[in-house]
Amino acid sequence: MIQNRSSPAKINLFLHITGRRADGFHELFSLMTKISLADDMEFTFQGRDIQVTCDHPDVPEGKTNLAHQAAALFFSSCENLAQPIPMAGVLIHIRKHIPVGGGLGGGSSNAATVLKVLNERYGRPFSLEALLKMGLGLGADVPFFLFGGPALATGVGEKLIRTPDLGLTYLVLCNPGIPVPTVRVFTEYDFCLTTPEKYTIKSVSDALLQGEGIDIRQCLHNDLEGSSFRLYPEIRSTKEEMERLLQRPVTMSGSGSTLFALFSGWENAKQGYECLCRRWLDKDKRFFLTALQNG
Ligand code: ATP
């Protein structure tokens, strides 16, 4: 039996670093939302083993693939159920469309999709709460992809509060072609350079949670831009050039390197996308015309 699923990317509309835990992990305050850019995943239930293949050369195919780790965790958790489910075989093929190491959470999304698909396949033996716990063991962004809908994330990203829908907003993305190692960006982060804006953002999120129609363009921000830009100055220059061409703020998602600009209308977004494609015709950059996903 074969099942196909799409595995969406996310962006961080804002991302503030609020502290550091004793174990070294950074605490965040972020507004995250899925977008319509997605990987395709194909699940074939056969054999006795977990196998993962991927069409992207930079993504490992064996046990280090997050999709493989998610399936292994699912089946090992099944052994502890009152009525254990024996491990069965699954072949997972991933067709990558989400840039790898681009701050769009591709690997975490793939892991969450595996947990969801396997849980459905075996008659939902785990509650959402149990899946969220499993997901956090795989990566800080995995719970978000299990959760659904735009969310305010705190902790290391695992404490999630659903926000009302953010409306239909289009996005132009640019991946500058620089895969960024997340850990390096966090290590490089300098608490002394933290901007004071984070203290006013609380009021923005309170407004969001109360369903007041706020303009999300007013709260776009990413505290990690400084460290990513220091490590990879080309991300900064791409952002500046995009802002000049698109005549609007451009923000980095997650730890980078993908940059995005928001548009309220499709036509303007399309024009912006075409303008960027023309500007970097022969370069290593990738562009996407996409939209926020509320569901
Ligand atoms: P994060 O910020 O969560 O690290 P990201 O969006 O910046 O994620 P990903 O595309 O998730 O980056 O890839 C991060 C790393 O994870 C890459 O080095 C990649 O090789 C590895 N990886 C393992 N499994 C996957 C997968 N299924 N899809 C993408 N990358 C994967």
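Of ALA71, ALA130, SER6, which is farthest along the charge dipole of region 2-162 in the positive direction, counting Lys and Arg as +1 and Asp and Glu as -1 at C-beta?
Value computed over the given set: ALA130.
Which of the GluC sites (Glu not before Pro) found in region 17-100 are loop residues per DSSP with 12 or fewer other Cβ atoms within 10 Å of their Cβ? Before the final figure, lay out each step's value.
Details: sites: GLU27, GLU42, GLU61, GLU79; in loops: GLU61, GLU79.
The qualifying sites are GLU79.
Calculate the spin-label point distance for ASP190 paired with ILE85, positioning each point 7 Å from the Cα along the beta-carbon direction, and give it in nanometres.
Between ILE85 and ASP190, the label points sit 5.0 nm apart.
So if I place +1 on the C-beta of Lys and Arg and -1 on the C-beta of Asp and Glu, and nothing else carries charge, what would the dipole magnitude of the chain be about its Cα centre? I want it in debye, nearest 20. Show your work: numbers first, answer last.
Details: 30 positive and 31 negative charges, 28 e Å.
It comes to approximately 140 debye.
Given R₀ = 35 Å, FRET efficiency for GLN210-ARG244 by Cβ-Cβ distance, to 0.05? The partial results should precede the final answer.
Details: r = 36 Å, r/R0 = 1.03.
According to the calculation, E is roughly 0.45.
Obtain the nm distance between the two label points defined at GLU274 and ARG230 by a simple spin-label model: each point lies 7 Å from its Cα along the Cα-to-C-beta direction.
Roughly 4.2 nm, to one decimal.
Highest mean first, what order results for 255-266, 125-136 on Cβ atoms within 10 Å? Show your work: numbers first, answer last.
Working: 255-266: 22.1, 125-136: 16.8.
Result, highest mean Cβ count within 10 Å first: 255-266, 125-136.
Excluding ARG244 itself, calculate the net charge of residues whose Cβ lies under 15 Å from the Cβ of ARG244, where each Lys or Arg counts +1 and each Asp or Glu counts -1.
Values: positive: ARG236, LYS239, ARG248, ARG278, ARG279; negative: GLU240, GLU241, GLU243.
Around ARG244, the charge tally is +2.
Write out the trypsin sites (Lys or Arg not before Pro) in region 1-90 meeting two conditions: DSSP loop, and at most 16 other Cβ atoms within 10 Å of their Cβ. Let's see the in-between values first.
Details: sites: ARG5, LYS10, ARG20, ARG21, LYS34, ARG48, LYS63; in loops: ARG21, ARG48, LYS63.
Counting only loop positions with at most 16 other Cβ atoms within 10 Å, the trypsin sites (Lys or Arg not before Pro) in region 1-90 are ARG21, ARG48, LYS63.
To the nearest 0.05, what FRET efficiency results for LEU168 and GLU27 with a Förster distance of 22 Å applied to their C-beta separation? Spell out each step's value before the answer.
Numbers: r = 31 Å, r/R0 = 1.43.
It comes to 0.10.
Can you tell me the FRET efficiency between ARG20 and ASP55 if r is taken as the Cβ-Cβ distance and R0 is 35 Å, rounded to the nearest 0.05? Write down the numbers at each step before the final one.
Numbers: r = 38 Å, r/R0 = 1.07.
Approximately 0.40, to the nearest 0.05.
Between SER237 and ALA130, what length in nm is gained on full extension when 0.36 nm per residue of separation is reduced by their alpha carbon distance?
On the way: separation 107, 0.36 × 107 = 38.52 nm, distance 4.30 nm.
Here the answer is 34.2 nm.
Report the Stokes-Einstein translational diffusion coefficient (µm² s⁻¹, integer) for region 2-162, Rh taken as the Kirkwood radius over Cα pairs, at 4 °C with viscosity 1.567 mPa s. Could the numbers behind the result be given before it?
Numbers: Rh = 16.1 Å.
Answer, rounded: 81 µm²/s.
Shape of the chain from its Cα gyration tensor (a ≥ b ≥ c, root eigenvalues): rounded if a/c is under 1.5, otherwise prolate when a/b > b/c, or oblate? All intermediate terms of the calculation are to be shown ahead of the outcome.
Numbers: a/c = 1.74, a/b = 1.45, b/c = 1.20.
Because a/c hits 1.5 or more and a/b exceeds b/c, the chain counts as prolate.
What list do you get for VAL142, VAL59, VAL185 if you sort them by fewest beta carbons within 10 Å? Present the calculation step by step, with values, prior to reporting the outcome.
On the way: VAL142 29, VAL59 21, VAL185 24.
With the sparsest Cβ surroundings first, the list reads VAL59, VAL185, VAL142.
Can you put ILE2, ILE50 in order, fewest other beta carbons within 10 Å first? Display every interim value, and only then the final one.
Working: ILE2 10, ILE50 24.
Exposure proxy ranking, most exposed first: ILE2, ILE50.
Determine the sum of side-chain charges near LYS34: Lys and Arg each +1, Asp and Glu each -1, restricted to other residues whose C-beta is under 12 angstrom from that of LYS34. Spell out each step's value before the answer.
Details: positive: LYS10; negative: ASP141, ASP165.
Net charge in that neighbourhood comes out at -1.
Values quoted throughout were computed directly from the atomic coordinates according to the rules given, and no laboratory measurement underlies them. These numbers were taken from a predicted model, which means no experiment stands behind them. Using ideal geometry, Cβ is built from the backbone for each residue, glycine included, and neighbour counts are taken over all protein chains shown.
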